[in-house]
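For reference, the structure is listed below as structure tokens.
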Amino acid sequence: MFKSIRLERTMCYGTCPVYSVQVDKYGNVNYYGEAFVYKAGEHQWRISKKKLEQLNNLIVDFEFKSFEYEPGKEVITDQPSCITTVEYQDGKNKEVNHYHGDILINDNLTIFEKKIERILGTKKYVNPRLYIYQVEERAKKELGRIMVVSDSKKEAIETVLKEYDMKEEAEWQVKKIGIAIDDYYGPVILMKDNKL
């Protein structure tokens, strides 16, 4: 069993997501989004025992402890790296710094990294599916219609509340009207049809 797993994605020459995520043997996950991610800053959550077992099985099946990373001779410059570090119960650490500019014939390491992230649930913090919501105050309708790009109805309402510095809860009519196709690094108000 592992003591902790840490995965870090580094910068590239462009808009590659930059973040790190770490999980301990109890399932406590710490995420820190640095750049080109949907949720920047520090966030914590917890994963189930079942997911901890999946992570442990993944590390064992991949034979990460004995894995030898051999970079290729041909590389593409200005690409990101993915650094995976596993601390084992016996106190030993294993780190693999995988440069994604390496032209690999076998991409098992990339698949392994993505599986770790899938089990940890980083997608909703890094690049979730985003929707366009039409938000209206149901009763007074003083705010008019507001179009918000967000990953959920709840977050769309929270975005409007922040924008208008509203403390009290109103009754909201929220309608999903489309899928956002551009990259957004956080929820954003696209359009305001203000009546104030």
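The values are calculated or read from the model by the stated rules, or taken from the named source; none is laboratory data. Everything quoted here is computed from the prediction, not taken from an experiment. A quick note on method: Cβ atoms are made from the backbone with ideal geometry, for glycine too, and the neighbour counts reach across all protein chains shown. Note: accessible area is taken over every heavy atom of the protein model, side chains too, but ligands, DNA and RNA are not part of it. Shrake-Rupley method; radii C 1.70, N 1.55, O 1.52, S 1.80 Å.
Key figures
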| item | result |
| --- | --- |
| Residues satisfying the stated conditions in the range 15-31, i.e. among the aromatic types (F, W, Y) and under 22 Å from R129 (Cβ atoms) | Y19, Y31 |
| Looking only at the range 112-163, and only at residues there that are among the acidic types (D, E) and open to solvent by 30 Å² or more (accessible area, probe 1.4 Å), the one that is nearest to I189 (Cα to Cα) | E163 |
| Looking only at the range 164-196, and only at residues there that are open to solvent by 80 Å² or more (accessible area, probe 1.4 Å), more than 25 Å from the chain's Cα centre (by Cα) and acidic (D, E), the one that is modelled with the lowest pLDDT | E168 |
| Residue in the range 88-100 that is part of a strand (DSSP E or B), open to solvent by less than 20 Å² (accessible area, probe 1.4 Å) and at negative phi present | yes |
| Count of residues meeting criterion [farther than 23 Å from K50 by Cα and surrounded by 13 or more Cβ atoms within 10 Å (Cβ to Cβ)] in the range 76-87 | 5 |
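Every residue, every condition in (1) within 22 Å of F112 (Cβ to Cβ); (2) open to solvent by less than 80 Å² (accessible area, probe 1.4 Å); (3) not in a helix (DSSP H, G or I), yes or no:
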position: E34; (1), (2), (3): no, no, yes
position: V37; (1), (2), (3): yes, yes, yes
position: Q44; (1), (2), (3): no, no, yes
position: L55; (1), (2), (3): yes, yes, no
position: L58; (1), (2), (3): yes, yes, no
position: K65; (1), (2), (3): yes, no, no
position: G72; (1), (2), (3): yes, yes, yes
